[in-house]
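Working notes, structure below.
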Amino acid sequence: MRKKFGDLKRRGNVIVFPTTVTRLLTEGMTNLKNEQYEDARDKLYQVLVYEPEHAAALGGYAYSLYELGEFTEALEVVKELLRIGPIHYLETMELYISILMQVKEFQEAEKMIEVLIEENVLPAERLEQFHQLRDLNERIAESNTTFKKDVERYALDQFLLLSPVEQEQRVTELPKEAYAAMCDQLQQLIAHPEVDWVAKSYLLLMLREQQLSGSVHVEKFHYTQEFTVETLPDPLKDKRLLNIRLLLERGLEKEPAKLQMAMELVDRHIYLLYPFFWEDFDEAEIADAYHLYLDSLFSGETADQANPELMNLLKQAEAYIELRNG
């Protein structure tokens with residue numbers, strides 16, 4: 001296994017043929033030029049085993065690590081390269097600043113850029129490039145600060161202190177670009193039994209819209225199920241929901257006002273219960289129950305013809321919405 005850069009040591013009295021280092025360096029640099037970063041990293045590492053302060057090998061090795069996303073080790077290598085003196089100073093400083101930005105050392109990156117600009121060591125053709133690098137660093141640093149605040153605001157222990165309406169407002173304030181980075185944390189909110197159902201629905205719909213991967217555990221009423229984000233239903237295109245709406249339209253086509261109320265009621269419950277919707281009842285039974293439920297609201301009488309279990313669930317759904325909205 002390849003050791004960390006800091007573990008590199010000379011080979012003591014081991015005799016190394018002069019051509020060995022030259023060959024490894026040439027092969028490593030060729031791999032680097034051809035964007036074969038793993039091969040370049042491994043070849044240049046071998047050069048550094050024999051010559052730990054070989055500036056060209058350190059530079060190529062650091063760049064390979066950077067391209068492979070091994071930023072922590074790349075930072076160690078560049079610091080060592082700057083200590084002994086790089087062959088290409090400005091290119092090394094640009095790499096150093098880029099790595100600092102990757103490991104979120106934004107203040108240090110800003111400091112290095114300012115030093116280069118203030119000391120007037122940059123040729124005119126490179127000055128604009130470093131100004132752009134400074135602007136990019138500032139934007140990333142600001143974004144990172146905002147993200148940290150978002151993470152804190154959506155911590156489970158803090159989130160549960162909010163009222164249901166405040167929880168809903170909090171999730172609607174979360175920018176779309178934060179969903180991918182905070183996916184695991186948002187899945188924890190969805191899975192918690194005390195998080196508001198409407199807030200859960202919004203999070204689920206946004207995870208689906210952002211086309212993220214992963215699984216979510218959802219509990220609402222007596223329904224509980226594990227879903228993959230990719231298979232969450234589309235409430236506007238789900239065949240079962242479309243059939244329920246169609247049955248209501250047919251049953252209430254001569255009563256447009258009542259039909260509008262029924263549709264608003266169904267839509268409200270779909271959003272509350274998403275991704276569930278009375279799974280243990282068939283479509284016609286659900287449409288009839290909504291029809292009879294509205295009749296009972298107008299007449300004040302019990303809807304005897306409706307399935308009592310389903311009717312009770314409709315009442316509970318309305319009670320939940322009324323309670324959460326105060």
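The values are calculated or read from the model by the stated rules, or taken from the named source; none is laboratory data. If you're wondering where the values come from, they're calculated on a predicted model, not measured in any experiment. No Cβ is skipped: glycine too gets one built from the backbone with ideal geometry, and neighbour counts run over all protein chains shown. Calculation scope for accessible area: heavy atoms of the full protein, side chains included, ligands and nucleic acids excluded. Shrake-Rupley method; radii C 1.70, N 1.55, O 1.52, S 1.80 Å.
When Arg23, Arg83 are checked against the criterion of being closer than 30 Å to Asp135 by Cβ and over 33 Å from the mean Cα position of the chain (by Cα), a single residue qualifies: Arg83.
If I filter the stretch 211-219 for residues that are of a type outside the set (A, V, I, L, M) and over 25 Å from the mean Cα position of the chain (by Cα), do I get at least one hit? No.
Number of residues in the stretch 235-253 that are outside any helix (DSSP H, G or I) and of a type in the set (A, V, I, L, M): the value is 2. Pro275 meets all of the listed conditions (1) in contact (Cβ under 8 Å) with a residue 40 or more places away in the chain; (2) outside any loop (DSSP other than H, G, I, E, B); (3) within 24 Å of Leu205 (Cα to Cα) but one, namely (2). No other residue among Arg268, Arg245 is open to solvent by 80 Å² or more (accessible area, probe 1.4 Å), without any contact (Cβ under 8 Å) to a residue 60 or more places away in the chain and not polar (S, T, N, Q) apart from Arg268. Among the candidates Glu209, Glu230, Glu285, the residue that is open to solvent by 20 Å² or more (accessible area, probe 1.4 Å) and more than 26 Å from Gln185 (Cβ to Cβ) is uniquely Glu285.
Inspect the stretch 99-119 for any residue being more than 29 Å from Arg41 (Cβ to Cβ), at pLDDT 75 or above and open to solvent by less than 30 Å² (accessible area, probe 1.4 Å) and give the result as yes or no. No: the stretch 99-119 contains no residue that is more than 29 Å from Arg41 (Cβ to Cβ), at pLDDT 75 or above and open to solvent by less than 30 Å² (accessible area, probe 1.4 Å). For Ala257, are the conditions met, namely being open to solvent by 60 Å² or more (accessible area, probe 1.4 Å), among the small types (Gly, Ala, Ser) and under 26 Å from Asp288 (Cβ atoms)? Taking the combined requirement at face value, the residue satisfies it.
Yes/no per residue for (1) at pLDDT below 90; (2) under 20 Å from Glu230 (Cβ atoms); (3) among the polar types (S, T, N, Q):
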site	(1), (2), (3)
Lys149	yes, no, no
Tyr154	yes, no, no
Gln158	yes, no, yes
Val165	no, no, no
Gln169	no, no, yes
Leu174	yes, no, no
Leu186	no, yes, no
Leu189	no, yes, no
Glu194	no, no, no
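Cβ-Cβ contacts under 7 Å between residues 6 or more apart (or on different chains), taken from a first residue in the stretch 62-86 that is touching a residue at least 60 places away in the same chain (Cβ under 8 Å) to a second residue that is open to solvent by 40 Å² or more (accessible area, probe 1.4 Å), are listed as Glu73/Lys4; Glu76/Gly6. Within the stretch 64-80, the set of residues being part of a helix (DSSP H, G or I), surrounded by fewer than 23 Cβ atoms within 10 Å (Cβ to Cβ) and touching a helix residue (DSSP H, G or I) at 6+ places or on another chain (Cβ under 7 Å) comprises Tyr66, Glu67, Phe71, Glu73, Leu75, Glu76, Glu80. Leu236 meets all of the listed conditions (1) under 24 Å from Ile321 (Cα atoms); (2) aliphatic (A, V, I, L, M); (3) surrounded by 12 or more Cβ atoms within 10 Å (Cβ to Cβ) but one, namely (3). Here Pro52 passes the criteria (1) outside any loop (DSSP other than H, G, I, E, B); (2) over 22 Å from Glu110 (Cα atoms); (3) not acidic (Asp, Glu) except the one numbered (1).
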